[in-house]
Amino acid sequence: MSSTSELHYLELHELSLLIRSGKLSPVEVTEAQLVRIEQLDGALHSYARVTPELALEQARQAERELARGECRSPLHGIPLAVKDLFHTAGVPTAAGMPLHRTFVPQEDATVVARLREAGSVLLGKLQMTEGAFAIHHPEIVAPVNPWGADHWAGASSSGSGVATAAGLCYAALGSDSGGSIRFPCAANGLTGLKPTWGRVSRHGTFELAASLDHVGPITRSARDALFLLSTIAGHDPADPTSLPSVCLEIPSVEESFRGLRVGIDEAWLSDGVDPVIVKALEQVLAIVRDGGGTLLRVRVPDTRAVSGNWERHCGVQTAVAHAATYPQRAAEYGPALSRLIDGGRALSGMDYQRILLDAQRFSGELDSLLGEVDLLLAPVQPYAAPTHAQLASLAEDPEANRRLIQFTAPFNVSGHPCLSLPIGFSESGLPIGGQFIAGKGKEGLLCRAGMALQKVTDWHRQRPAGF
């Protein structure tokens, strides 16, 4: 691994200052990104579709506006990319499904519209697993982890993680229904925010499971995650489930652990978790304590039921989301997504009600716990940087699969916000991801903790060798 400050690896807030000061132009930056994508993405496969003409048009417009002293936002002129499940007017949106390869939306998803209004530049649509479930469609070439081609790039926002890690966009939008922002961030050494359910509008977003789907940023730092969230968050009349707008003032966020109460459930954090991850978590806890935070022993509500039920919980909602095309066009689906939908269609109403009751129990107990502490610390997954071979074996073992999502999916079920960020490296130099979890609506608190950690560490500034 190597540390670099090259143009393509600047953080959003760093690039924003350079553009607004006139030291860099949006056109110059966009052209450099397009050249880099052309040079590298043939091997990485992070983009489903690059939009060079649109990107350059938007960059030129941003440059003209900035020259006139018209700055729309701190994102003005910054090249970004979005997961290919967000509708983009005039640009195909396939959601990782050959079935939808010719679908061209007539309007933008709300989050895409907000990025456009902020003056950002759209480089293209990022590759993803089929329908935002676990596996890429057999006809899709999966994105390649720049830290190691034999290792998982994360799912389902795989392209978002790879492109951001390899310097092929400055940040990306992803979605997370069971870990799909946090897994790619852990795999690629990035920082990602799964907001409170409803904090960000889902209007114009291809649905996997409505009550589990969360839209959020994939970035290179906690400051950048807050930076991007402040643009896309807020109530949307087109999404009745979206929460009231809140003010997320970036300058007011203190980069300190002082006074924060961090809950630690040692049994939950160590049971079946690789020693290298436990050691990384202990190092983070030492930093929290040295920074003025208080560590409190707690007992996290039992996550086994909600993580064990997650696939069936998701499957029922996915069956509803795909009712227009499944089973009528089942032959065009890959085996993993077909299995998920078939399982959802077969589940009885009584069994689904039992799943919902377990979810309500867990959510209520977690609300109570997060009234006693400000944050919880957890790994993203119980083992570091799994290989493709390891993941293939998980598909044959339901208990191993449950363990993979035991630290992510429960918080999709409950709707609590989580910040995933790098907390070290494995012995072979691959990133390790950890996460802070907070009470609903506490994204600012999560980013404060992330910024405090990243103020005194450089894990988030390490880049994959050769890129």
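The values are calculated or read from the model by the stated rules, or taken from the named source; none is laboratory data. Note that the coordinates shown come from a computational prediction; the quantities given were computed from them, not determined experimentally. Glycine gets a Cβ as well: all are built from the backbone with ideal geometry, and neighbour counts include every protein chain shown.
Could you tell me how many of the residues in the range 169-198 are aromatic (Phe, Trp, Tyr) and either farther than 17 Å from residue 307 by Cα or modelled with pLDDT under 95 (or both)?
Residues meeting the conditions: 2.
In the range 106-154, what residues are modelled with pLDDT under 95 and of a type in the set (Gly, Ala, Ser)?
Correct list: 134 only.
Return yes when residue 305 is part of a helix (DSSP H, G or I), among the hydrophobic types (A, V, I, L, M, F, W, C), without any contact (Cβ under 8 Å) to a residue 24 or more places away in the chain and out of contact with any Pro (no Cβ under 8 Å at 6 or more places or on another chain) and no when it is not.
Taking the combined requirement at face value, the residue does not satisfy it.
Mind checking whether some residue in the range 290-298 is buried (at least 17 other Cβ atoms within 10 Å of the Cβ), in contact with a Pro (Cβ under 7 Å, 6 or more places away or on another chain), assigned by TED's automatic domain parsing to the domain that holds residue 412 and in a loop (DSSP other than H, G, I, E, B)?
No, every residue in the range 290-298 fails to be buried (at least 17 other Cβ atoms within 10 Å of the Cβ), in contact with a Pro (Cβ under 7 Å, 6 or more places away or on another chain), assigned by TED's automatic domain parsing to the domain that holds residue 412 and in a loop (DSSP other than H, G, I, E, B).
Check whether at least one residue in the range 374-392 is assigned by TED's automatic domain parsing to the domain that holds residue 425, among the small types (Gly, Ala, Ser) and farther than 18 Å from residue 154 by Cβ, and report yes or no.
Checking the range 374-392: not a single residue is assigned by TED's automatic domain parsing to the domain that holds residue 425, among the small types (Gly, Ala, Ser) and farther than 18 Å from residue 154 by Cβ.
Working only within the range 302-340, note down all residues that are among the β-branched types (Val, Ile, Thr) and within 15 Å of residue 129 (Cα to Cα).
Correct list: 318 only.
Among the numbered criteria (1) more than 24 Å from residue 363 (Cβ to Cβ); (2) over 24 Å from the mean Cα position of the chain (by Cα); (3) surrounded by 14 or more Cβ atoms within 10 Å (Cβ to Cβ), which single criterion is violated by residue 260?
(1)
For the range 414-428, check the following and say yes or no: at least one residue is within 18 Å of the chain's Cα centre (by Cα) and either part of a helix (DSSP H, G or I) or at pLDDT below 95 (or both).
Yes, that holds for at least one residue.
Suppose the filter is over 17 Å from residue 184 (Cβ atoms) and of a type in the set (Val, Ile, Thr); does residue 413 pass it?
When the stated conditions are applied, residue 413 passes them.
Across the range 16-69, which residue is nearest to residue 126 (Cα to Cα) among those that are in contact with a Gly (Cβ under 9 Å, 6 or more places away or on another chain) and among the acidic types (Asp, Glu)?
So, considering only residues that are in contact with a Gly (Cβ under 9 Å, 6 or more places away or on another chain) and among the acidic types (Asp, Glu), the one nearest to residue 126 (Cα to Cα) is 63.
Please work out if residue 176 is farther than 15 Å from residue 46 by Cα, touching a strand residue (DSSP E or B) at 6+ places or on another chain (Cβ under 8 Å), surrounded by 24 or more Cβ atoms within 10 Å (Cβ to Cβ) and among the acidic types (Asp, Glu).
Yes.
For residue 365, are the conditions met, namely being in a loop (DSSP other than H, G, I, E, B), modelled with pLDDT of 95 or more and in the same structural domain as residue 271 (by TED's automatic domain parsing)?
No: the conditions fail for residue 365.
Please enumerate the residues belonging to the range 320-360 that are buried (at least 18 other Cβ atoms within 10 Å of the Cβ), without any contact (Cβ under 8 Å) to a residue 40 or more places away in the chain and not in a helix (DSSP H, G or I).
326 - this is the single residue of the range 320-360 that is buried (at least 18 other Cβ atoms within 10 Å of the Cβ), without any contact (Cβ under 8 Å) to a residue 40 or more places away in the chain and not in a helix (DSSP H, G or I).
Residues checked against (1) more than 24 Å from residue 177 (Cα to Cα); (2) at pLDDT 95 or above; (3) touching a strand residue (DSSP E or B) at 6+ places or on another chain (Cβ under 6 Å); (4) outside the structural domain of residue 134 (by TED's automatic domain parsing):
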| site | (1), (2), (3), (4) |
| --- | --- |
| 269 | no, no, no, no |
| 277 | no, yes, yes, no |
| 333 | no, yes, no, yes |
| 344 | no, yes, no, yes |
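Return the residues of the range 203-212 that are under 18 Å from residue 112 (Cα atoms) and surrounded by 24 or more Cβ atoms within 10 Å (Cβ to Cβ); say none if nothing qualifies.
Listed by number, the residues that qualify are 205, 206.
What is the number of the single condition among (1) surrounded by 24 or more Cβ atoms within 10 Å (Cβ to Cβ); (2) acidic (Asp, Glu); (3) more than 21 Å from residue 197 (Cα to Cα) that residue 443 does not meet?
Just one mismatch for residue 443, condition (3).
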